[in-house]
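See below for the structure under consideration.
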Amino acid sequence: MTDQRTSLSFKADGMDLFALLLKNMFLTMFTFGIYSFWGKINVQKFLHRGTHIDGEAMDFHGTGEEKFIGFLKGAGIIIVLVIAAAVLIAVLSRIIPAQIVSPIVTLLFYSLFILATPMLIVGKRRYFLSRSSWRGVRFLFTGRWKKLGWLLLKGGFFTVITLCIYLPWFVHDIRAFMINNSCYGTEPFVYTGNRNTYAKLSWIGLLLTILTLGIFSFWLTAALEKHFINNTTFQGKKLSCDLTGGLLFKTALVNLLLIVFTFGIAASWVLVRNYRVYFGSIALEGAIDLEAIQAGVDAKASALADGVSEAADVLDTIADFIG
């Protein structure tokens, strides 16, 4: 195995993405929204196939059909819960005033979604990585929702009682959980960064962002992203990131001008530019030992979590429309 850098890059054209989004829009309208599931998969395939590792493109193996079925299952679960809540309100209203029962049952209904949050996050991540591949080997996510649930519970509690002072530690722990449970085949990514260092960067950066009326936010974003990437290893080799605040600032400025002067039409080119900047800044300090990697398959990963989330969004939209 030679000692070389394994570079990442993004090679795609904004015009191709624009044509794809235009096609998705018309087919979604023509099919009354049903094609949107296939449209989302097509966009994800475009982004994956534009992402190159060591000169070879990634791929995405999800299908519109499984996304649509996941949505139908998610919608079914939510409909059952809504009906159950309505029946419970109707029954309890016979013995307790409706103005008391309705808020309590509604609170319980939304509490179920809050409790299901770690399952949905883990489920969505498992699906996404299990459908992502490079050189024919799939990525995997091995995190468990109970562990994430504990992190969310602990982090949320301390963030509230410290009036958000704990927030950087909370964000750090969630991101570390996501990295440490991600694998390429059987080989895991390992994050070893210090949470106190991340919190210090966050609070100093926030102060400077306020003092500079938001301008320093680009340097803060670069510093925080570099903290995670530069403290992550794969097969014992370090990932490195040379992203800078200046580069992000210039990219954002050009993107803003493109959006304004094209009345939003250049959004596809802006997205492609952002991907090029981000992935072009990342590399692995060494060659990947492909012979040491064994393929792994997460047979239980499904689009159900995505479906529940999308069905919940539809329910919220309908509720807002009804008023």
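Give 98, 85 a once-over and let me know the one that is surrounded by fewer than 16 Cβ atoms within 10 Å (Cβ to Cβ), over 24 Å from the mean Cα position of the chain (by Cα) and small (Gly, Ala, Ser).
Exactly one of 98, 85 is surrounded by fewer than 16 Cβ atoms within 10 Å (Cβ to Cβ), over 24 Å from the mean Cα position of the chain (by Cα) and small (Gly, Ala, Ser), namely 98.
For residue 318, are the conditions met, namely being surrounded by 15 or more Cβ atoms within 10 Å (Cβ to Cβ) and of a type in the set (A, V, I, L, M, F, W, C)?
It is false that residue 318 is surrounded by 15 or more Cβ atoms within 10 Å (Cβ to Cβ) and of a type in the set (A, V, I, L, M, F, W, C).
For region 131-158, which residues satisfy the criterion of being open to solvent by 70 Å² or more (accessible area, probe 1.4 Å) and hydrophobic (A, V, I, L, M, F, W, C)?
Passing the criteria: 145, 150, 153, 157, 158.
Residue by residue through region 238-279, note down the ones that are of a type in the set (Ser, Thr, Tyr) and within 25 Å of the chain's Cα centre (by Cα).
The answer is 240, 244, 251, 268, 275, 278.
Any residue that is of a type in the set (A, V, I, L, M), over 29 Å from residue 4 (Cβ atoms) and open to solvent by less than 50 Å² (accessible area, probe 1.4 Å) - is there at least one of those in region 254-263?
no
Can you name every residue in region 255-270 that is under 17 Å from residue 15 (Cβ atoms) and aliphatic (A, V, I, L, M)?
Passing the criteria: 258, 259, 265, 266, 267, 270.
Checking residue 298 against (1) in contact with a Leu (Cβ under 9 Å, 6 or more places away or on another chain); (2) charged (D, E, K, R); (3) part of a loop (DSSP other than H, G, I, E, B); (4) open to solvent by 40 Å² or more (accessible area, probe 1.4 Å): exactly one of these is not met. Which one?
The failed condition is (4).
With respect to residue 54, is the statement that it is farther than 26 Å from residue 312 by Cα, in contact (Cβ under 8 Å) with a residue 12 or more places away in the chain, open to solvent by less than 50 Å² (accessible area, probe 1.4 Å) and out of contact with any Leu (no Cβ under 7 Å at 6 or more places or on another chain) true?
In short, no.
Search region 110-130 for residues being open to solvent by 80 Å² or more (accessible area, probe 1.4 Å) and over 21 Å from the mean Cα position of the chain (by Cα), and hand back the single one that is modelled with the highest pLDDT.
Checked region 110-130; the qualifying residue modelled with the highest pLDDT is 112.
Just one of (1) modelled with pLDDT of 95 or more; (2) crowded, with 17+ Cβ neighbours inside 10 Å trips up residue 244, so point out which.
The number of the failed condition is (2).
(1) more than 28 Å from residue 63 (Cα to Cα); (2) small (Gly, Ala, Ser); (3) not in a helix (DSSP H, G or I): which one isn't true of residue 143, the others all being true?
(1)
Assuming residue 288 fulfils every condition listed in (1) open to solvent by 20 Å² or more (accessible area, probe 1.4 Å); (2) more than 22 Å from the chain's Cα centre (by Cα); (3) within 30 Å of residue 37 (Cα to Cα); (4) among the hydrophobic types (A, V, I, L, M, F, W, C) apart from one, which condition is it?
Checking residue 288 against (1) open to solvent by 20 Å² or more (accessible area, probe 1.4 Å); (2) more than 22 Å from the chain's Cα centre (by Cα); (3) within 30 Å of residue 37 (Cα to Cα); (4) among the hydrophobic types (A, V, I, L, M, F, W, C), the one that fails is (3).
Would you confirm, using the coordinates I've provided, whether residue 233 is farther than 30 Å from residue 111 by Cβ and among the hydroxyl-bearing types (Ser, Thr, Tyr)?
So residue 233 passes the test.
When only residues in region 179-225 that are over 27 Å from residue 163 (Cβ atoms) and in a helix (DSSP H, G or I) count, which is nearest to the chain's Cα centre (by Cα)?
This residue is 179.
Would you be able to tell me the number of residues in region 159-169 that are in a helix (DSSP H, G or I) and either polar (S, T, N, Q) or open to solvent by 40 Å² or more (accessible area, probe 1.4 Å) (or both)?
Final tally of qualifying residues: 5.
The values are calculated or read from the model by the stated rules, or taken from the named source; none is laboratory data. For clarity, every value in this text was computed on a predicted model and none was experimentally measured. As a convention, Cβ positions derive from the backbone with ideal geometry for all residues, glycine included, and neighbour counts pool all protein chains shown. With ligands, DNA and RNA removed, areas are computed over all heavy atoms of the protein, side chains included. Shrake-Rupley method; radii C 1.70, N 1.55, O 1.52, S 1.80 Å.
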